[in-house]
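First the structure, in the form of structure tokens, and then the observations on it.
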Amino acid sequence: MASAGDTQASALAWRNWAGDQECSPAEVARPRDRDELAEAVASAAAAGRKVSVAGTGHSFTETAMTDGTMIDVRALSGVIDAERSSGLVRVGAGTLLADLNEELSRLGLAMENLGDIDRQTIAGAISTGTHGTGAKLRNISAQVEAVELILAGGAVRELSADRDPELLRAARVGIGALGAISAVTLRCVPAFTLRRVDRPCPREEVLDTFQERAEANDHFELFTFPYSNSALVLERNRTEEPPHPRGRAAAYLNDIVLENWALEAISAAGKLFPAAIPRLSRLAARLASGSTATDRSDRIFANERRVRFTEMEYGVPREHGAEAARRVIEWVRANRYPVFFPIEMRVTADDDALLSPSHERETAYIAVHQYRGMEWRPYFEAVEEIMDDYGGRPHWGKRHFQTAATLAPRYPRWADFQAARDVLDPDRVFANEYAARVLGV
């Protein structure tokens, strides 16, 4: 039987978490350390195979797909080095965010901002521009101080803010197109506690005050069903109170029964009876009652996600966020489109990663979802057309239909990213059909 560090022929199809992206790699490598990763990359390149790096498959795009060599980096996991005084922590690229949060907690540290799931690898999260929410806070990749890359020939290249600031700005959101990340150095902060308050509000009232609410809270977001007139508002703020973790029973009731089982049941009913979706949406909105929680920051950020769906998310200039969301809702209602899943809105500060959707602009993110097995393309195409009107930039891990030609004008430093790609992967070993479509050849 092949060992975990071996490269072996692939007999099985690879699928992403949602189950709607599938490929059959010629081989799959599962390196156990940096040297084995370098050997796997060099071997594949020498054989003329393209290389793709996969984590937990939480992207909805084809970014990890390949018919060449797929590298599973999940064994490159854990804290490699940590300096509590500076908050700099070096971790393996395949470290799951959930595991990272536990290790950071033991060090008295935390990530300053996180998304709402914690099942991605750190390399996958930063490479796709994954973000949380907070008007004064940037996305996860902005917390990166250095990236260790394995290049096509197997060489190790350390990119740091001191030595390679421009290349690091490219690699922080590299979409897997610059090399295989083996380690990441993060700038962490002292551990902190968050108080989360969820409450339903009239949607128009929330959208009218969207900017003010974003500025008034450390972390602000909202969920709204297109066929309902209410929104569930989530406000998370730092507190000096000690954490008060929920008991197992309460956590299970809220996170599993209400947020997953009930959502699955209502979604499945909507799939069987599309005409009932408006009524089901209003029912779901009524079930989204208020709650409060005070706990360790990462536990407040993360949610349990068991219901499978596909997703599109766009970042637009923050001042246009409410208007763009209203237009999406109007389109759904005008076309009586059968979508049950809610629209989600978040915000981030601007940052300087070359291909970050928040590059040099304060951003409102608008995410739309469709339940597994239901038609999604007309809905997503309509949403994308709306976002195009605002110069919208897609989340790199979510579905979109853009090409290099349509994306280049939206990123002021697009040419600089391409120059970094020419330096780090001139032979385009780290490429696939998705990279060719969105970045060019």
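Please compute the length gained on full extension between residue 163 and residue 197, using 0.36 nm multiplied by the number of residues separating them and subtracting their Cα-Cα distance. Kindly include the intermediate steps, with their values, before the conclusion.
Values: separation 34, 0.36 × 34 = 12.24 nm, distance 4.28 nm.
This chain segment gains 8.0 nm when fully extended.
Pop a pseudo-label 7 angstrom from the Cα along the beta-carbon direction at both residue 427 and residue 289 and give the gap in nm to one decimal.
The two pseudo-label positions are separated by 6.3 nm.
Kindly express, to the nearest 10 degrees and within the range 0 to 90, the angle between helix 97-106's C-alpha long axis and the longest C-alpha principal axis of the chain.
90
Taking the structure as given and computing Rg and Dmax of the Cα atoms in Å, which label from [x] 21.0, 77; [y] 21.2, 61; [z] 28.2, 91 fits?
Entry [y].
Taking the solvent-accessible surface of protein heavy atoms with a 1.4 Å probe, what is the per residue accessible area of the chain in Å²? Kindly include the intermediate steps, with their values, before the conclusion.
Values: 17800 Å² over 441 residues.
So the chain comes to 40 Å² accessible per residue, rounded to a whole number.
At a Förster radius of 22 Å, what calculated FRET efficiency corresponds to the Cβ-Cβ distance of residue 12 and residue 32, to the nearest 0.05? Before the final figure, lay out each step's value.
Working: r = 21 Å, r/R0 = 0.93.
Working from the Cβ atoms, E equals 0.60.
With a cut-off of 8 Å between alpha carbons and a minimum separation of six or more residues, what is the relative contact order of segment 1-148 in percent?
Details: 264 pairs, mean separation 25.0, N = 148.
Taking the mean separation of contacting Cα pairs over the length of segment 1-148, I get 17 percent.
Mind checking the angle between helix 263-272 and the chain's longest principal axis? C-alpha axes, 0 to 90 degrees, to the nearest 10.
Value to nearest ten degrees: 80.
May I ask for the angle, rounded to the nearest 10°, between helix 277-287 and the longest principal axis of the chain, with both axes built from Cα atoms and the value confined to 0 to 90°?
Long axis of 277-287 versus the principal axis of the chain: about 90 degrees.
Round to a whole number: what % of the accessible area of segment 84-216 belongs to carbon and sulfur, probe 1.4 Å? Walk me through the numbers before you get to the answer.
Working: 2240 of 4390 Å².
After summing per-atom areas, the C and S share lands at 51 percent.
Using alpha carbons only, how many angstrom separate the centre of segment 85-133 from the centre of segment 308-340?
Each part's Cα centre sits 29 Å from the other's.
Where a ≥ b ≥ c are the square roots of the eigenvalues of the C-alpha gyration tensor, would you call segment 269-410 rounded, which needs a/c under 1.5, or, failing that, prolate if a/b is larger than b/c, or oblate?
On the way: a/c = 1.89, a/b = 1.22, b/c = 1.55.
Because a/c hits 1.5 or more and a/b fails to exceed b/c, segment 269-410 counts as oblate.
Return the calculated 222 nm mean residue ellipticity for the chain, to the nearest 500 deg cm²/dmol, obtained by summing -39500 (n - 2.57) across DSSP H runs with n ≥ 4 and dividing by the residue count. The partial results should precede the final answer.
Details: 15 runs with 127 residues, N = 441.
Here the helix-only value at 222 nm equals -8000 deg cm²/dmol.
According to a simple spin-label model (label point 7 Å from Cα along Cα-to-Cβ), what is the distance in nm between residue 241 and residue 84?
The answer from the label model is 2.7 nm.
For residue 98 and residue 262 in one chain, what is 0.36 nm times their gap in residues minus the Cα-Cα distance, to one decimal in nm? Write down the numbers at each step before the final one.
On the way: separation 164, 0.36 × 164 = 59.04 nm, distance 2.45 nm.
Stretched fully, the residue 98-residue 262 segment lengthens by 56.6 nm.
With all protein chains present, how much of the accessible area of segment 224-356 (probe radius 1.4 Å) comes from carbon and sulfur, to the nearest whole percent? Numbers along the way, then the final one.
Values: 3350 of 6020 Å².
Of all accessible area on segment 224-356, carbon and sulfur atoms account for 56 percent.
Relative contact order for the chain: what percent, with Cα pairs under 8 Å and sequence separation of 6 or more? Walk me through the numbers on the way to the answer.
Numbers: 985 pairs, mean separation 76.3, N = 441.
In percent, rounded to a whole number, it is 17.
The values are calculated or read from the model by the stated rules, or taken from the named source; none is laboratory data. Quick caveat: nothing in here was measured; it's all calculated off a predicted structure. Cβ sites come from the backbone with ideal geometry, for glycine too, and all protein chains shown count toward neighbours. Only protein heavy atoms, including side chains, enter the accessible area calculation; ligands, DNA and RNA are left aside. Shrake-Rupley method; radii C 1.70, N 1.55, O 1.52, S 1.80 Å.
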